[in-house]
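The structure under discussion appears below in the form of structure tokens.
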Amino acid sequence: MSDVAHLGAVPLAPSGDTDHKAGLAPAADAAAAAIAASLADQFAALDLFGRLAAIRSQIAGRIVFTTSFGLEDQAIAHAIFAQALAIDVATLDTGRLFPETHEVWARTERRYGVRIRAFAPERDGVEALLARQGVDGFRSAVAARLDCCAVRKVAPLSRALAGSAAWITGIRADQSADRAGLSPVSFDERQRLIKANPLFDWTRERTREFVGAHGVPYNTLHDRGFLSIGCAPCTRAVAPGEPERAGRWWWEQAEKKECGLHFDREGAMRAPQLLGRQ
């Protein structure tokens, strides 16, 4: 999957290029806000295929979709690969994924004839983490667990997004109370790029029906009550009636079930507003 420039698309300062962005701000931020607002307005009238095509056609530069191979991410991956969109698909291989996650990863590559690039945590960071915490030290406190997520997820994400103009995610507004205020498209001030959530208004049932209708490979853990799937030590099946993300970090007994990719350590959603619409 290669970077492309599209006729009529507005070039943005690439994420990670600090000097370049400093020279373009605030013009680059204003351009990003305008694109985000335009795309958000269009989403209601578009299906998933149309939303992803619009993202690609209206944003110049590298676009990255990060997948954890959950149900939502598989739906988005199908819409990208089926249209042969020039969107880079990447995953964060934390080193502690389920075997079933690796299995659906392989099945996806075979089905679509692609390679999904993996971003792994840095060796020194993992070794230092284990020296501090031990192998399962993340269970000792929320802060310790967030430190583990920072090494295994947040740092690799920064590398995955480096040089990109936009980031596509599979999160939905109805997954949790914290995500209820999710915007369809926003400007991520921390990453300095456009963040698009093409399934923001979908339900789990709608996602499941899409995956089934298109014969998309999915993680077999979903059939065993795992609704939200992350690292193996940090995920369990959800009992009937439990919230969708109740199986993540269940021992914490906390309302917020996030790892730091979309929310900060205090639980605030990153990029909560759609710039240009305050």
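The values are calculated or read from the model by the stated rules, or taken from the named source; none is laboratory data. These numbers come from a predicted model, not from an experiment. Here the Cβ is made from the backbone with ideal geometry for all residues, glycine too, and neighbour counts use every protein chain on show.
Within the range 139-156, being surrounded by fewer than 18 Cβ atoms within 10 Å (Cβ to Cβ), assigned to a helix (DSSP H, G or I) and not aliphatic (A, V, I, L, M) holds for one residue alone: Arg139. Among the residues of the range 197-217, is any basic (Lys, Arg) and closer than 17 Å to Gly50 by Cα? Yes, there is a match, as at least one residue in the range 197-217 is basic (Lys, Arg) and closer than 17 Å to Gly50 by Cα.
Summed over the range 221-278, residues that are modelled with pLDDT of 90 or more, touching a Gly at 6+ places or on another chain (Cβ under 7 Å) and among the aliphatic types (A, V, I, L, M) total 4. Scan the range 76-102 for residues that are of a type outside the set (A, V, I, L, M) and over 26 Å from Phe138 (Cα atoms) and the total you get is 4.
Taking each residue of the range 63-89 that is over 16 Å from Lys153 (Cα atoms) and in contact (Cβ under 8 Å) with a residue 60 or more places away in the chain and looking for partners that are among the small types (Gly, Ala, Ser) and surrounded by fewer than 21 Cβ atoms within 10 Å (Cβ to Cβ) with beta-carbon atoms closer than 6 Å, six or more apart or interchain, yields Ala86/Ser2. For first residues located in the range 135-164 and within 14 Å of Gly95 (Cα to Cα), partners that are among the aromatic types (Phe, Trp, Tyr) and assigned to a helix (DSSP H, G or I) and lie 6+ apart or on another chain with Cβ distances below 9 Å form the pairs Cys148/Phe138; Cys149/Phe138. Exactly one residue among Ser57, Ser68 is at pLDDT 95 or above, under 27 Å from Phe187 (Cβ atoms) and buried (at least 21 other Cβ atoms within 10 Å of the Cβ), and that residue is Ser68.
When you look at Arg159, is it at pLDDT 95 or above, in a helix (DSSP H, G or I) and surrounded by 16 or more Cβ atoms within 10 Å (Cβ to Cβ), yes or no? Against the criterion (at pLDDT 95 or above, in a helix (DSSP H, G or I) and surrounded by 16 or more Cβ atoms within 10 Å (Cβ to Cβ)), Arg159 does not qualify. For Ala13, the conditions (1) of a type in the set (A, V, I, L, M); (2) crowded, with 16+ Cβ neighbours inside 10 Å; (3) modelled with pLDDT under 95; (4) outside any loop (DSSP other than H, G, I, E, B) are fulfilled apart from (4).
Just a yes or no: is a residue in the range 182-192 in contact with a helix residue (DSSP H, G or I) (Cβ under 8 Å, 6 or more places away or on another chain), loosely packed, with under 14 Cβ neighbours inside 10 Å and at pLDDT below 95? For the range 182-192, residues in contact with a helix residue (DSSP H, G or I) (Cβ under 8 Å, 6 or more places away or on another chain), loosely packed, with under 14 Cβ neighbours inside 10 Å and at pLDDT below 95: absent.
Listed here are the residues, each with its yes/no results for (1) of a type in the set (Ser, Thr, Tyr); (2) surrounded by 22 or more Cβ atoms within 10 Å (Cβ to Cβ); (3) closer than 30 Å to Arg123 by Cα; (4) modelled with pLDDT under 95.
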site: Ala25; (1), (2), (3), (4): no, no, no, yes
site: Gly50; (1), (2), (3), (4): no, no, no, no
site: Glu100; (1), (2), (3), (4): no, no, yes, no
site: Arg107; (1), (2), (3), (4): no, no, yes, no
site: Arg111; (1), (2), (3), (4): no, no, no, no
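Would a scan of the range 185-203 turn up a residue that is more than 20 Å from Ile35 (Cα to Cα) and assigned to a helix (DSSP H, G or I)? Among the residues of the range 185-203, not one is more than 20 Å from Ile35 (Cα to Cα) and assigned to a helix (DSSP H, G or I), which makes the answer no.
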